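See below for the structure under consideration.
The values are calculated or read from the model by the stated rules, or taken from the named source; none is laboratory data. Just so you know, these numbers come straight off a predicted model, no measurement behind them. Note that each Cβ is placed from the backbone with ideal geometry, even for glycine, and that neighbours are counted across all protein chains shown. Heavy atoms of the whole protein, side chains included, go into the accessibility calculation; ligands, DNA and RNA do not. Shrake-Rupley method; radii C 1.70, N 1.55, O 1.52, S 1.80 Å.
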Amino acid sequence: QIQLVESGGGLVQPGGSLRLSCAGSGFTLDYYDIGWFRQAPGKEREGVSCISRSDGLTYYTDSVKGRFTISRDNKNTVHLQMNSLKPEDTAVYYCATAVMGPHGSTCRGLAHWGQGTQVSVSS
C-alpha cells in the first residue's frame, strides 16, 4: 500500500515556526518529485513548495519565498521548514507526488496524496 503521512502541524503565533514532515511507505520518495500543497476553507488549493527527485531543484510560490525551506533526508522523508509564519499561512497542508516544470518554474500534484496536517497561525 502506497501511503504519504504528514506530521508537524499545529497552532502557532504570527512570526513563529513549524517543521512539517512527509513520510512515505510502500514506495521510495526519492523516486518522485514531492510537493507541499495547502488549502484554506473557501480557497483554491495552492502549490507551496516542491523538490525534485534527482537533485536539489526546488519550487516555491512567491508568498513563501524567503520564509519556507523544503528538503529531503535519508529516511524517506520530505520536510518543510516554515518560519515567520503569517495568519494567511493557515490551511491544511498536504504532501503529494508531483511533477515540476523546467528549472523549477512550476509544480503540480499527481496521484498520491497524504491526509493533510492542520497549520493554524493566530494570536
Item to check | the stretch 19-32 residues that are closer than 18 Å to Asp55 by Cβ, paired with ones that are assigned to a loop (DSSP other than H, G, I, E, B) and charged (D, E, K, R) (beta carbon under 7 Å, 6 or more apart) | outcome: Asp30/Arg53; Tyr31/Arg53; Tyr32/Arg53
Next on the checklist: Residues that are open to solvent by 30 Å² or more (accessible area, probe 1.4 Å), in a loop (DSSP other than H, G, I, E, B), touching a helix residue (DSSP H, G or I) at 6+ places or on another chain (Cβ under 9 Å) and not aromatic (Phe, Trp, Tyr): does the stretch 16-27 have at least one?
Outcome noted: no
Item to check | Conditions (1) in a strand (DSSP E or B); (2) open to solvent by less than 10 Å² (accessible area, probe 1.4 Å); (3) under 16 Å from Arg19 (Cα atoms); number of the one not met by Arg38 | outcome: (2)
Item to check | Residue tally, condition in contact (Cβ under 8 Å) with a residue 12 or more places away in the chain and among the charged types (D, E, K, R), over the stretch 46-74 | outcome: 4
Checklist entry - How many of the residues making up the stretch 75-115 are over 16 Å from Ile2 (Cβ atoms), open to solvent by 20 Å² or more (accessible area, probe 1.4 Å) and of a type in the set (Gly, Ala, Ser)? => result 2
